[in-house]
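Chemist: The structure's right below; bear with me while I get my questions together.
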Amino acid sequence: MIVTKVTGVGGERSIRRGPDELIVEEPMSMQLDGTLVATTMRTPGHDYELAAGFCFTEGLLAGAPITGVRYCADGSAVDSEFNIVTVETGGRAPEPTPRIGNVSSSCGWCGSEQLDDLCARLAPLPATQPIDLDIVVGMPDRVLGTQGLFERTGSVHAAAAFNADGDVIVMREDVGRHNALDKVIGSMLLNPDHSVPATGLGLFVSGRASIEMVQKAWAAGFSTLVAVSAPTSLAVDAARRAGLVLAGFVRGSTFNVYAPERLPVAE
């Protein structure tokens, strides 16, 4: 796209026309065994991972294995412009309730009652060896170096799974924070070289740690969630009940640990 670029101030100001790259944002409808379960605005790419990850983290699969993922349930993928993805379990997953409307940043959460429901659905995470704090503080720089879309457009979020050595296992970018995370989890679900639950692994997100991000990390079995920005109070409550290590404001050489309530003090 050609835009007007303004640089400098006053008499030093330069105005010129030049190219700029914008991130693509399109709607994608997700179906489970032919039933519409959500529509989200996403960056095209890794669409199968997004649909699989969403169905998994929202508890729609209920333990049923994914037998296939494909574009469009009953027509040509070209006709639907590759914007309809169906996750198939062969009817093994519970029949979902059809949904109307888009997935938004709030995702319909309304407070502690739904947190209780979440805790009833998900068991507390198993105790694992904590990830070294030096690894935690270094994750933003490690992930930033792999963000090709962000480098070109500056307008996408990132999520990444990493191991205890700080190695990035999977990184995904998307215009939506939740989509980037679902793509990471979906990739791990669909790739036989990876595994879910992601016991002992960490999950990095480039924005804030909302309750939805904690829910998805918990559902996938991650042991640590690292966020560049702040968590919400409900996210902290959920992380503490899950046994999920939650670090926020991870910038430079400092960060806050919100869950567990206290870090063990070395003697």
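Only the coordinates and a few stated rules stand behind these numbers; no lab work does. Keep in mind that this is a model prediction, so the values were computed, not measured. Reconstructed Cβ throughout: ideal geometry from the backbone, glycine too, with neighbour counts over all protein chains shown.
Chemist: Provide the per-residue ³J(HN,Hα) series for the range 85-96, in order, calculated from phi with Karplus coefficients 6.51, -1.76, 1.60 and θ = phi - 60°, each as a whole number of Hz, with x at glycine and proline positions.
Modeler: Karplus values, whole Hz, x for Gly and Pro: 10, 10, 9, 10, 10, x, x, 6, 6, x, 5, x.
Chemist: Another question, then. Report the full-extension gain for the segment Asp193 to Glu113: residue separation times 0.36 nm, less the Cα-Cα distance, to one decimal in nm. Don't skip to the answer; put the middle values down first.
Modeler: Numbers: separation 80, 0.36 × 80 = 28.80 nm, distance 3.71 nm.
Contour length minus Cα-Cα distance gives 25.1 nm.
Chemist: Here is a further query. Can you compute the modelled spin-label distance between Thr4 and Ile23, with each label point 7 Å from Cα toward Cβ, in nm?
Modeler: So the label points at Thr4 and Ile23 sit 2.6 nm apart.
Chemist: Taking every pair of Cα atoms in the range 1-87, average 1/r, invert it to obtain the Kirkwood radius, and report Rg/Rh to two decimals. Walk me through the intermediate numbers first.
Modeler: Values: Rg = 20.0 Å, Rh = 15.5 Å.
So for the range 1-87, dividing Rg by the Kirkwood Rh gives 1.29.
Chemist: Can I ask one more? Rounded to the nearest 500, what is the 222 nm mean residue ellipticity of the chain from helices alone, with -39500 (n - 2.57) per DSSP H run of 4+ residues and division by all residues? Please list the in-between numbers first.
Modeler: Working: 7 runs with 73 residues, N = 267.
It lands at -8000 deg cm²/dmol.
Chemist: How far apart, in nanometres, would the label points at Val168 and Ser253 be if each is projected 7 angstrom from Cα along the Cα-to-Cβ direction?
Modeler: The modelled label-to-label distance comes out at 2.4 nm.
Chemist: For a quick protection proxy, order the peptides 51-63, 213-225, 231-243 by their average other-Cβ count within 10 Å, most packed first.
Modeler: Working: 51-63: 22.3, 213-225: 26.1, 231-243: 20.4.
So the peptides 51-63, 213-225, 231-243, ranked by packing, come out 213-225, 51-63, 231-243.
Chemist: Here is a follow-up. Distances longer than 32 Å among the Cα atoms of the chain: what percent of all pairs is that? Spell out each step's value before the answer.
Modeler: Working: 9352 of 35511 pairs.
Here the tail beyond 32 Å accounts for 26 percent of pairs.
Chemist: Rounded to whole Å and sorted largest first, list the principal axis extents of the Cα atoms in the range 133-259.
Modeler: 36, 34, 27 Å, listed from the longest principal axis down.
Chemist: Next up: Normalised by the number of residues in the chain, what is the relative contact order in percent for Cα pairs under 8 Å and 6+ residues apart?
Modeler: Values: 541 pairs, mean separation 44.2, N = 267.
Computed over the chain, the figure is 17 percent.
Chemist: Going highest first, how would you order 181-191, 161-171 by mean Cβ packing within 10 Å? The partial results should precede the final answer.
Modeler: Numbers: 181-191: 25.6, 161-171: 17.1.
Put in order of decreasing packing, that is 181-191, 161-171.
Chemist: If the only charges are +1 at each Lys and Arg Cβ and -1 at each Asp and Glu Cβ, what is the size of the charge dipole of the chain around the Cα centre, to the nearest 20 debye?
Modeler: Values: 20 positive and 31 negative charges, 117 e Å.
For the chain, the charge dipole is close to 560 debye.
Chemist: Near the amide H of Gln31, under 5 Å away, which other amide H atoms are found, from residues 5 or more places off or on another chain, if H is placed in the peptide plane?
Modeler: Amide H neighbours of Gln31, under 5 Å, 5+ apart: Val37, Val85, Thr86, Val87.
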